[in-house]
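Take a look at the structure below.
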């Protein structure tokens, strides 16, 4: 039944409402085997609902869930080959680490020796062996997180769901665990479905990111796609720091995809990120902070505007500066720059420049 | 996408898809793989709705037949002219049992005495336990609160009769109080505390203080300390702070404590029998009297019990409303 | 807050403690009096009354009778009370408020009325007064206490715990027995001991539903009606110590277990 083209998971027209609040609008989505997919969005966007529908904890109002070619829409959680790492880990407090991990294996009807072998293998893999007989209350936050992961991996699920599992960790540990998680995913070749509201986390770990907003998918693509070619204003704003400017299309060059753009009377050139912009349309454009550079003299790039530095924020390896534009009064651009460059500029006017392909034109 | 895939899978009861358990599986593994278990759980857990109905049906039957049943039966018997039904005879609906109460003042006296006793001793219990709860919740360090609470709880683990007896020893003519007063030279001959309304009240307060203390304590304990500190900051004196801040915010605890104590104190039977005398008969004794003698008047007793229960509920209902009104007015 | 308030309030508190304990202490003390006559002063002391308690066969039978009733009624109360708690703490349903009200009803009916209602109902059902009738009345009366204690514990069980079990392949039954029940253990312990004590201490229901064999409180009551004696003091004191020790132990152990998990 499952040909090679068959995706691991296929969501078809999934909708879900809670009372009058619509959580998901007719969502379609596929996940391939071995893929690290991240669902990214603000709270209440429907990402957790999607996860809970996949896990079987919520029933969709419409649509089907196909797992490895089988319709599992009506199946309760215990009958799906999907396991989940919960946000609060949900470790069973009265069971040791080993007992927590063997819980799912016992219910699969595995023999005691097979369970032991699987536990030994997993504990070695996740470096949990010394903690086998500890209770969850005797573990640190990072250790609990690993136990939760081990417990979910133990029954060898087709798909692993992770519900913001790093939320409870502190910033330093969090970063370390992100890399660990990514490496575990690579080595196990399992499909991970990761839910987070943290865009940095999503960019670090994912093969593919699905950005959700108000129950709909805003964009589905690689981290690079999302960052440099956002499909919407929402994505541009939600993923990374950006300058959003609003203007009007003055002309479109179909061959190169370049768009002439008028911003407060300043002629600019950019690339259309999606759709087919028409002349005269009101559009927005996204300018990434790191794609802008500062010059003392007018540079020869496609786009350049003049202004004065009004604010400097030291960020360690680099600085962010706000520049009030002289050509467009009332407008400011934020630019990343290194400390050396910044020290060259005093209170004198500076030029901000960027290339045409660094400017993504978005539907308004 | 091929539309042949998974056509067979339909919504509704999922098929049992568990693989057979290994021979050496654990207890739980063998259980869930056991065919009869699968058949049974398949039936019960087929839908959340069915699961809920099956979970709920037995407790519901229990509630109706065991919790509600006795009260309904009592009400029904209170409307009969004779019970138990003599063989070959028919019973008739009547209101006479209720009429008896309203026409014969012999019965009204203990009724009103019970209401007055219960209400006033509820108030006295409140006065006694409020400072105790206040001290415990506001002045004792949090880590010591539990130990002290546990200490106060100890006497309440023991029963009505044992504690009533303790009061008898305290208040008797040769009891501790009288002996102490004589020894101090305050009295010449013992004061007859026993077999009066006084001894009954002391006994009932002794029995019910806990039901007042616990709600008061939990209400006062929840009250943030910085409320009163803020009020003190604003120049409110101790009395003003108590009247304007602490008291209104503990009204909920006062309400539930008083309701509990009132309801419970109307129901004591053993204590008034042991501590009371002919002039302090309470309604519980009147009601019980109808059930004692053979060939008794159960319907009248049932009617009196209904009257007592309804009166107690109505009074505590009014009181709860009053507290709710006060709380709204103050916040 | 001022020092004088603290002093006044602490005096009131300790006076209250004295008021609670002194009558019981005097009762225990009186059991040592070397005289048949109850009252102060106590001139000489004896252990005979307390020794007598343990040599009295009738008393021992009564004690065992009370214990059997307490254990049996507790089993029923804990089963039904827990069942109701699971129902009430679970998903919302139409009429939940009514179910809650019915659940709590036996705890709110004043003692004598409750006893009489049970007496009438027992006759209607053809249950003769005696052990079974008392067990039944105690069981029903104690259910609300179990439900309240268990519900309080259930609401602290994170929803994700049950979901995690389901996710790992447990059906609702396995989830309940392997996750929920162990989590409820301290509450079930506490509720069981509370029920045992409620039943063991109960007078009014045992009195109206009993036959010739009395329970311990009924026996003490009957003896008291025919006059006070140090023998009663000794019996009461033993009952008091037993119940207090059991109560304190249960309270402490359930608190400790609550802390652990």
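Using only the Cα atoms of region C:53-260, what are the Rg and Dmax in Å?
Rg then Dmax for region C:53-260, in Å: 19.5, 66.
How high is the relative contact order of region B:96-330, in percent, with contacts defined as C-alpha pairs under 8 Å that are six or more residues apart? Don't jump to the answer; show the numbers that get you there.
On the way: 247 pairs, mean separation 67.6, N = 235.
Reported as a whole number, the value is 29 percent.
Report Rg(Cα)/(2.2 N^0.38 Å) for region A:145-303, keeping two decimals.
Details: Rg = 20.1 Å, N = 159, 2.2 N^0.38 = 15.1 Å.
Relative to the rule-of-thumb radius for its length, region A:145-303 sits at 1.33.
Describe numerically, in nm with one decimal, the distance between label points set 7 Å from Cα along Cα→Cβ at residue B:226 and at residue A:326.
5.1 nm
Quick one: Cα centre-to-centre distance for region A:243-316 and region B:120-168, in angstrom?
Rounded to whole Å, the Cα centres lie 76 Å apart.
Other chains' Cβ within 10 Å of C:82-90 residues: what's the mean? Intermediate values should be presented prior to the final figure.
Numbers: counts 1, 5, 7, 1, 3, 7, 2, 0, 4.
The mean count of partner-chain Cβ atoms within 10 Å per residue comes to 3.
Run the Debye formula on the Cα coordinates of chain B, all scatterers equal and no solvent, and tell me log10 I(q)/I(0) at q = 0.06, 0.08 1/Å.
Reported log10 I(q)/I(0), two decimals: -0.41, -0.66.
Just to confirm the number: angle between the C-alpha axis of helix A:112-125 and the first principal axis of chain A, 0 to 90 degrees, nearest 10?
Tilt of helix A:112-125: around 30 degrees.
Could you calculate the contour length gain from residue B:76 to residue B:24, that is, 0.36 nm times the residue separation minus the distance between their Cα atoms, to one decimal place in nm? Numbers along the way, then the final one.
Details: separation 52, 0.36 × 52 = 18.72 nm, distance 6.06 nm.
Extra length from residue B:76 to residue B:24 when fully extended: 12.7 nm.
In what order do B:261, C:140, C:68 fall by count of nearby beta-carbon atoms within 10 Å, going from fewest to most?
Details: B:261 30, C:140 27, C:68 14.
Ordered from fewest to most neighbouring Cβ atoms within 10 Å, B:261, C:140, C:68 come out as C:68, C:140, B:261.
In the Gaussian network model of chain B, springs joining C-alpha atoms below 10 Å, which of B:237, B:289, B:267 carries the largest mean-square fluctuation?
Looking only at B:237, B:289, B:267, the biggest GNM fluctuation is shown by B:237.
Rounded to the nearest 500, what is the protein assembly as shown's calculated 222 nm mean residue ellipticity when only DSSP H runs of at least 4 contribute -39500 (n - 2.57) each, over all residues?
-17000 deg cm²/dmol, from helical runs alone.
Antiparallel as a % of all DSSP beta bridges within the protein assembly as shown, to the nearest 5?
Values: 66 of 86 bridges.
Antiparallel: roughly 75 percent of the beta bridges in the protein assembly as shown.
Please report the base-10 log of the normalised intensity I(q)/I(0) for region B:107-263, using a Debye sum with one equal scatterer per alpha carbon and no solvent, at each q in 0.14, 0.15, 0.18, 0.20 (1/Å).
-0.85, -0.92, -1.11, -1.21
Take A:49, A:332 and order them by how many other Cβ atoms sit within 10 Å, fewest up front.
Numbers: A:49 23, A:332 16.
Fewest to most other Cβ atoms nearby, the residues stand as A:332, A:49.
Cα convex hull of region A:1-115: how many Å³ per residue?
Values: hull volume 17.3 nm³, N = 115.
It comes to 150 Å³ per residue, whole-number rounded.
Out of every Cα-Cα pair in chain A, what percent are more than 31 Å apart? Could the numbers behind the result be given before it?
Numbers: 31325 of 66066 pairs.
Of all Cα-Cα pairs in chain A, 47 percent lie more than 31 Å apart.
Note the angle between two axes, namely the Cα long axis of helix A:141-153 and the longest principal axis of the Cα atoms of chain A, as a number of degrees from 0 to 90, rounded to the nearest 10.
Once rounded, one gets 60 degrees.
So how do B:233, A:61 line up by other beta-carbon neighbours within 10 Å, fewest first? Kindly include the intermediate steps, with their values, before the conclusion.
Working: B:233 9, A:61 13.
Fewest-to-most ranking of B:233, A:61: B:233, A:61.
Given springs between every Cα pair under 10 Å in a Gaussian network model of chain B, which of B:41, B:114, B:196 has the largest fluctuation?
B:41
Report relative contact order for region A:9-233 in percent, whole number only (criteria: Cα-Cα under 8 Å, sequence separation at least 6). Could you put the intermediate results ahead of the total?
Working: 411 pairs, mean separation 66.6, N = 225.
That works out to 30 percent.
Test of understanding: in a Gaussian network model of chain C with alpha carbons linked when under 10 Å, which of C:122, C:165, C:72 would top the mean-square fluctuation ranking?
Per the Cα network of chain C with a 10 Å cutoff, C:165 tops the list.
Give me the one-decimal nm value for the distance between modelled label points at residue C:96 and residue B:54, 7 Å along each residue's Cα-to-Cβ direction.
Here the answer is 2.2 nm between the modelled labels.
7 Å from Cα along Cα→Cβ at both residue A:308 and residue A:200: what's the point-to-point distance in nm?
3.3 nm
Taking the Cα of residue A:17, stepping 7 Å toward and past its beta carbon, and measuring to each backbone N in region A:27-69: which are under 13 Å?
A:61-62
Taking the Cα atoms only, what angle lies between the long axis of helix C:131-154 and the longest principal axis of chain C, rounded to 10 degrees?
For C:131-154 against chain C, the angle is about 50 degrees.
Over region A:241-363, what is the relative contact order in whole percent, taking alpha-carbon pairs under 8 Å and six or more residues apart?
Working: 287 pairs, mean separation 39.5, N = 123.
It rounds to 32 percent for region A:241-363.
For the protein assembly as shown, take N as its residue count and report Rg(C-alpha) divided by 2.2 N^0.38 Å.
Working: Rg = 37.7 Å, N = 956, 2.2 N^0.38 = 29.9 Å.
For the protein assembly as shown, the normalised Cα radius of gyration comes out at 1.26.
Computed from the coordinates by the stated procedures, all read-outs in this text should not be read as laboratory data. Values in this document were obtained by computation on a predicted structure and should not be read as measured data. Here Cβ is always computed from backbone atoms with ideal geometry, including for glycine, and neighbour counts include all displayed protein chains.
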